[in-house]
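The values are calculated or read from the model by the stated rules, or taken from the named source; none is laboratory data. The shown structure was predicted, so the numbers you read here are calculated from the model rather than taken from an experiment. Neighbour counts run over all protein chains shown; Cβ positions are idealised from the backbone, glycine included. Areas reflect the complete protein model, heavy atoms only, side chains present, ligands, DNA and RNA absent. Shrake-Rupley method; radii C 1.70, N 1.55, O 1.52, S 1.80 Å.
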Amino acid sequence: MRYRAIVIITMLSAVLFLIGAGDKPKFETFTIVYTGAAFGKLQPCACSEESDVGGLLRRDTMLMRLRDSARGAIVVDAGGSFGEPTAQGRMGAEAYLDALRALKYDAVALAAGDLLFGRRFLEENSDNGLFVSNARFKQDSTFAGRTLVFPGKRNRLRFVALVDPEKVYTGSQSNLVVEAPLTYLDKAVEKEDLVVVLASVEPETARHWLVHPNVDVVVNAVPDDNVLREAMFEFADEKVYTETGVFGSLVGVLSLRVIDGALVGAEIKQHTLDKTVPDGVRAKQFFERYQAETKRLFLQSLSGMPAYEREASPFVGNEGCRSCHAESFAAWDASAHAHAWASLKRVDTHFDSECIACHVVGWNEPNGFRSEKDTPHLLNVGCEACHGPGKAHAKQPAANPIARGDLQLCYKCHTDERAPAFKSEIGWKKIKH
């Protein structure tokens, strides 16, 4: 298990003054365990070594460990929980929220993108600690327009979930009303409380909110695609700014030291959810349900389709290239591209439409890849994935020249999320032909 730890204690002079006056300072410590920025990823992408971080099952294990070592901690998610509001995205959101319920989260903030799933869906899951503060639906809702308070022995923590109004459509056809964050903080937050803002916004926006006199801490689920991005932690002027790991890649533990309502110290540990963290069992059933529903959705999408017509397809498959391009074929056959489909099957995601596109030829294109059974010749990242449909070229090479591969095409699949360390020039040396 890897973690980074930072300890900062301030206001030393104030403490010394109190001691000199003969009064013992009344310290109280609050511990916040936080996650966020899952963005619909229930398991690590694991398309590369560096992207094999995060996932609900590893989070399960880490939270179990932390509950043993940090008793009394408040467990929160800063938002950015869901992916796209598609049928598969909704199934993932249900599994995610069910898992968070099983993991006993105390609070789950809603970000702007999370609101896209609609009032009814969110209302059905409001017992999960879901809440948003400066946004509300035009109909009453139990999770909107509120804050959550956790009392200590002498102080209280108040959690506020803020969304950026610029990221939410609030026009005449919208069902949402969003109040300006600073205006909301002026009127809805009591300064007597230690105020923790949960958000999923750009860092400059979060830091702007942190300046507000009523705000003490911001936990920000940064909307970034690169899992190599370092999660920032800053403590200055009695205020804390900290970030979650991108795509749920870490679990943070933030300890706040308070004297008479004033924040005087902070300690943070960030636990990376890499492959050294084993899978837990409490969230497993929800993840497996999601996998089963994803497979059902994929097979359902195939039902009712007309029979696949190979003759009508513009794709020929790799064997159609082999006879004329034997040397290039041999280079491809020795590459990881030739085994891309097997890598999906190894982690049981070969029914996941969000993964398939980068492991086959012609996904979602007319008469392109359909399924392993119907289109076995289009499995793997074949020649046509980079050079385009090749049937016309195979029939009449001179009349139909094939497109040269453009290294920029690599980044369609080798994204910051899946392969953040990827460089096309280096990758090309491995597959040069």
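Under 1.5 on a/c is rounded, so check that first for segment 261-413, then, if it is not, pick prolate when a/b is larger than b/c and oblate when it is not; a ≥ b ≥ c are the square roots of the alpha carbon gyration tensor eigenvalues. In terms of gyration-tensor shape, prolate. E293 sits among other residues whose Cβ lies under 11 Å from its own Cβ, and their net charge, with Lys and Arg +1 and Asp and Glu -1, is +1. Amide H contacts of C45: V53, each under 5 Å away and 5 or more positions distant or on a separate chain (H built 1.01 Å from N in the peptide plane; Pro and chain starts excluded). Look at the alpha carbon pairs under 8 Å that are at least 6 residues apart: their mean separation over the length of the chain gives a relative contact order of 19 percent.
Normalised by 2.2 N^0.38 Å, where N is the number of residues, the C-alpha radius of gyration of segment 230-298 stands at 1.64.
Once the chain from E49 to L409 is taken as fully extended at 0.36 nm per residue, the excess over their C-alpha distance is 127.5 nm.
I need the calculated FRET efficiency for the pair L297 and K104, taking r as the beta carbon distance and R₀ as 22 Å, to the nearest 0.05.
My answer for the efficiency is 0.15.
Couplings for segment 230-237, taken from phi via the Karplus curve 6.51 cos²θ - 1.76 cosθ + 1.60 with θ = phi - 60°, read 6, 6, 6, 9, 9, 9, 8, 6 Hz in order; Gly and Pro are left as x. Per-residue Karplus couplings for segment 370-386, computed as 6.51 cos²θ - 1.76 cosθ + 1.60 with θ equal to phi - 60°, are listed in order as 10, 7, 4, 6, 7, 9, x, 6, 10, 5, 6, 7, x, 3, 6, 5, 9 Hz, Gly and Pro entered as x. Heavy atoms of the protein chains alone define the surface here; on that basis the chain has 49 Å² accessible area per residue at 1.4 Å probe size.
For the pair R67 and E190, label points projected 7 Å from Cα toward Cβ lie 3.0 nm apart.
Karplus-derived 3J(HN,Hα) values for segment 331-342, using 6.51 cos²θ - 1.76 cosθ + 1.60 with θ = phi - 60°, are 5, 5, 5, 8, 9, 5, 4, 6, 10, 5, 5, 4 Hz; glycine and proline are entered as x.
What is the antiparallel percent of DSSP beta bridges lying wholly in the chain, to the nearest 5? The answer is about 65 percent antiparallel.
Dividing the radius of gyration of the alpha carbons in segment 370-433 by their Kirkwood radius gives 1.04 for Rg/Rh.
Going by accessible surface with a 1.4 Å probe and the largest first, M64, M232, M91 read M64, M232, M91.
The relative contact order of segment 300-416, computed from alpha carbon pairs under 8 Å that lie at least 6 residues apart in sequence, is 30 percent.
Of the GluC sites (Glu not before Pro) in segment 149-256, the ones in a loop by DSSP (not H, G, I, E or B) with at most 15 other beta carbons within 10 Å are E190, E192, E230, E238. Kirkwood hydrodynamic radius computed over segment 321-368 comes to 12.1 Å, based on all pairs of distinct alpha carbons. What per residue convex hull volume, in Å³, do the alpha-carbon atoms of the chain yield? Per residue, the Cα convex hull of the chain comes to 165 Å³. Other residues lying with their Cβ under 10 Å from the Cβ of V108 contribute a combined charge of -2, Lys and Arg counting +1, Asp and Glu -1. For the residues S133, S323, S51, a GNM of the chain with alpha-carbon springs under 10 Å puts the largest fluctuation on S323. What's the center-to-center distance, using Cα atoms, between segment 230-245 and segment 365-423 in Å? Their Cα centres are 43 Å away from one another.
Mind checking the dipole of the chain: about its Cα centre, +1 per Lys or Arg Cβ, -1 per Asp or Glu Cβ, Debye to the nearest 20?
Here the chain has a charge dipole of around 740 debye.
Count Lys and Arg as plus one, Asp and Glu as minus one, and take only other residues whose Cβ is under 11 Å from that of F351; the net charge is then -2. Checking every one of the GluC sites (Glu not before Pro) in segment 269-325 against DSSP loop status and a limit of 11 other Cβ atoms within 10 Å picks out E309. Longest segment of the chain with no trypsin sites (Lys or Arg not before Pro) in a DSSP loop having at most 10 other Cβ atoms within 10 Å? The longest uninterrupted stretch comes out as 154-372.
Contact order, relative form, for segment 186-248: 30 percent (alpha carbon pairs under 8 Å, 6 or more residues apart, mean separation divided by residue count). Simple spin-label estimate for A334 and Y308 gives 3.0 nm between the two label positions (7 Å along the Cα-to-Cβ direction from each Cα).
Measuring r between the beta carbons of E28 and E84 and using R0 = 56 Å, the FRET efficiency lands at 0.85. If a spin label sat at a point 7 angstrom from the Cα of A236 along the line to its beta carbon, the backbone N atoms of segment 184-212 nearer than 19 Å would be those of 202-212.
Once both axes come from the Cα atoms, what is the angle between helix 87-102 and the longest principal axis of the chain, in degrees from 0 to 90, rounded to 10? Roughly 40 degrees between the two axes.
Computed from point charges on the beta carbon alone (+1 for Lys and Arg, -1 for Asp and Glu), the dipole magnitude for segment 120-174 about its Cα centre is near 420 Debye.
Every helix of 4 or more DSSP H residues in the chain counts as -39500 (n - 2.57), and over all residues that averages to -8000 deg cm²/dmol at 222 nm.
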